[in-house]
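**Student:** This is the structure I want to talk about, given as structure tokens.
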Amino acid sequence: MPIQKSSKIWLNGKFLDWDNAKIHVLTHTLHYGSGVFEGIRCYTTEKGPAIFRLKEHVRRLFDSAELLNIKIPYSQEEIFSAIVETVKINKMNSCYIRPIVYFGYGEIGLNTKPCKVDVAIAVWPWGAYLGEKALKEGIRMMISKQKRSFGYLNKAKITGNYYHSSLAKAEALDAGFEEALMLDDRGFVAEATGENIFLIKRNELITPKEGSILLGITRDSIMKIAKEIGMKVVEKDITKKELFSADEVFLTGTAAEVTPVKSVDSHKFDKPNKSLELQKKYFEIVNGKNKKYEKWLTFV
Ligand code: PMP
């Protein structure tokens, strides 16, 4: 998925030309996987570009940093404004936004206390992560060999957490699937490589509870939307057997939005009727077509 360049990248309070936003090979986080980051989307609306749930993404960035003892040298308000400014200066309508906080150049070794903390924000145009067809028709998934270990660090969006996801994604693509599902080290359903998973069984929406997953902001949005349309929402440990007995399955994530799942391994699910209803509501909200949820949008 080649990155489409935009014009400027925010780095430590200054805008640099895209091609000049470079780091040294001895940047601490490059060696130890100790960065935290976010993935945020900005959508086109009738009132101009709008960033979806920016406050919550900035909060999660700071919560992730706190779990790794990273002291971000800016306030949440400053990072919030810097993100809005980066979208604005790049004249983006809809785009993906990637803030990253990392230990920079100057120290090596595992004591991060003396390390300098750098912050960068990049934005670029990005379409549907798993493709338009996936949004309409759904994807085929397989259960990966990679496991998500159960533990408190999963709720942080840490660069070093992603290697299992990359291996799982490669495993799935090599085997002819579009995505991988990871179980946790206790054998329960955890999440996909960059998405949370939901099951629908009759009028219940079921999703793995906290412990082996990233607490997705799309996940939170979908749970709220589902409650509003009268579904019962349950967060719990889910066995493979329970997954296979679901009527419908779908994934959520900033990048993948709301993507129906056609099958996991050889097990096929029903037509994604309810999933597509939730997807429709989600797209109405992110595109500024639902007044009630305008509070989730930051207009640029
Ligand atoms: N799980 C993982 C591992 C992810 O990388 C993501 C994407 N950030 C998600 C779930 C979904 O989170 P969100 O809805 O906040 O994008």
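The values are calculated or read from the model by the stated rules, or taken from the named source; none is laboratory data. All of these numbers come straight from a predicted model, not from anything done at the bench. Glycine also receives a Cβ, built like all others from the backbone with ideal geometry; neighbour counts cover every protein chain displayed. Each accessible area value is taken on the protein alone, full model and side chains, heavy atoms only, with ligands, DNA and RNA left out. Shrake-Rupley method; radii C 1.70, N 1.55, O 1.52, S 1.80 Å.
To keep it simple, each residue is scored yes or no on (1) among the aliphatic types (A, V, I, L, M); (2) within 18 Å of Ile3 (Cα to Cα).
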residue: Thr112; (1), (2): no, no
residue: Val119; (1), (2): yes, no
residue: Ala128; (1), (2): yes, yes
residue: Lys145; (1), (2): no, no
residue: Gly151; (1), (2): no, no
residue: Asn154; (1), (2): no, no
residue: Ala172; (1), (2): yes, no
residue: Met182; (1), (2): yes, no
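**Student:** Continuing with this model, one more query. On the given criteria, is Leu181 more than 15 Å from the ligand (Cβ to nearest atom) and either touching a residue at least 12 places away in the same chain (Cβ under 8 Å) or more than 18 Å from Tyr162 (Cβ to Cβ) (or both)?
**Tutor:** no
**Student:** Sort out which residues of segment 139-178 are assigned to a loop (DSSP other than H, G, I, E, B) and under 24 Å from Asp237 (Cα atoms), and write them in order of number.
**Tutor:** Selection gives Ser149, Phe150, Gly151, Ala156, Lys157.
**Student:** Could you please find all residues in segment 252-291 being in contact with a helix residue (DSSP H, G or I) (Cβ under 6 Å, 6 or more places away or on another chain), under 16 Å from Lys133 (Cα atoms) and more than 14 Å from the ligand (Cβ to nearest atom)?
**Tutor:** Correct list: Pro260 only.
**Student:** Could you identify the single residue in Ala170, Ala190 that is within 22 Å of Ala128 (Cβ to Cβ) and either open to solvent by less than 10 Å² (accessible area, probe 1.4 Å) or away from the ligand (no atom under 14 Å from the Cβ) (or both)?
**Tutor:** Criteria check complete, one pass: Ala170.
**Student:** Only one of Ala255, Ala246 is in contact (Cβ under 8 Å) with a residue 40 or more places away in the chain and within 21 Å of the chain's Cα centre (by Cα); which?
**Tutor:** Ala255 is the lone residue from the list that is in contact (Cβ under 8 Å) with a residue 40 or more places away in the chain and within 21 Å of the chain's Cα centre (by Cα).
**Student:** OK, next. How many residues does segment 193-207 hold that are within 12 Å of the ligand (Cβ to nearest atom) and closer than 19 Å to Arg140 by Cβ?
**Tutor:** Within segment 193-207, residues that are within 12 Å of the ligand (Cβ to nearest atom) and closer than 19 Å to Arg140 by Cβ number 6.
**Student:** How many residues are part of a helix (DSSP H, G or I), under 17 Å from Thr159 (Cβ atoms) and within 12 Å of the ligand (Cβ to nearest atom) when one looks only at segment 27-62?
**Tutor:** 3
**Student:** Of the conditions (1) open to solvent by 20 Å² or more (accessible area, probe 1.4 Å); (2) polar (S, T, N, Q); (3) under 21 Å from Ser212 (Cβ atoms), Thr112 fails just one. Which one is it?
**Tutor:** (3)
**Student:** Could you list all residues from segment 130-154 that are open to solvent by 30 Å² or more (accessible area, probe 1.4 Å) and either out of contact with any Ser or Thr (no Cβ under 8 Å at 6 or more places or on another chain) or modelled with pLDDT of 95 or more (or both)?
**Tutor:** Across segment 130-154, the qualifying residues are Glu132, Lys133, Lys136, Glu137, Arg140, Lys145, Gln146, Lys147, Tyr152, Leu153.
**Student:** Pairs only if they're at least six apart or on different chains, beta carbon under 7 angstrom, first in segment 201-223 and touching a residue at least 60 places away in the same chain (Cβ under 8 Å) and on the phi > 0 side of the Ramachandran plot, second open to solvent by 10 Å² or more (accessible area, probe 1.4 Å) and more than 11 Å from the ligand (Cβ to nearest atom); list them, first residue then second.
**Tutor:** That search, which allows pairs on different chains as well, returns Gly211/Phe150.
**Student:** Farther than 27 Å from Tyr282 by Cβ, away from the ligand (no atom under 16 Å from the Cβ) and of a type outside the set (Asp, Glu) - does that describe any residue in segment 153-165?
**Tutor:** Within segment 153-165 (the criterion being farther than 27 Å from Tyr282 by Cβ, away from the ligand (no atom under 16 Å from the Cβ) and of a type outside the set (Asp, Glu)), the answer is no, since none of the residues qualifies.
**Student:** Quick check on my filter: what residues within segment 260-284 are assigned to a helix (DSSP H, G or I), surrounded by 17 or more Cβ atoms within 10 Å (Cβ to Cβ) and aromatic (Phe, Trp, Tyr)?
**Tutor:** If the condition is that a residue be assigned to a helix (DSSP H, G or I), surrounded by 17 or more Cβ atoms within 10 Å (Cβ to Cβ) and aromatic (Phe, Trp, Tyr), then Tyr282 is the only one that fits.
**Student:** For segment 266-300, which residues satisfy the criterion of being among the charged types (D, E, K, R) and under 23 Å from Glu204 (Cα atoms)?
**Tutor:** Across segment 266-300, the qualifying residues are Lys268, Asp270, Lys271, Lys274, Glu277, Lys280, Lys281, Glu284.
**Student:** Could you please give the count of residues in segment 208-248 that are open to solvent by less than 50 Å² (accessible area, probe 1.4 Å), touching a helix residue (DSSP H, G or I) at 6+ places or on another chain (Cβ under 9 Å), within 14 Å of the ligand (Cβ to nearest atom) and of a type outside the set (Ser, Thr, Tyr)?
**Tutor:** Matching residues across segment 208-248 total 8.
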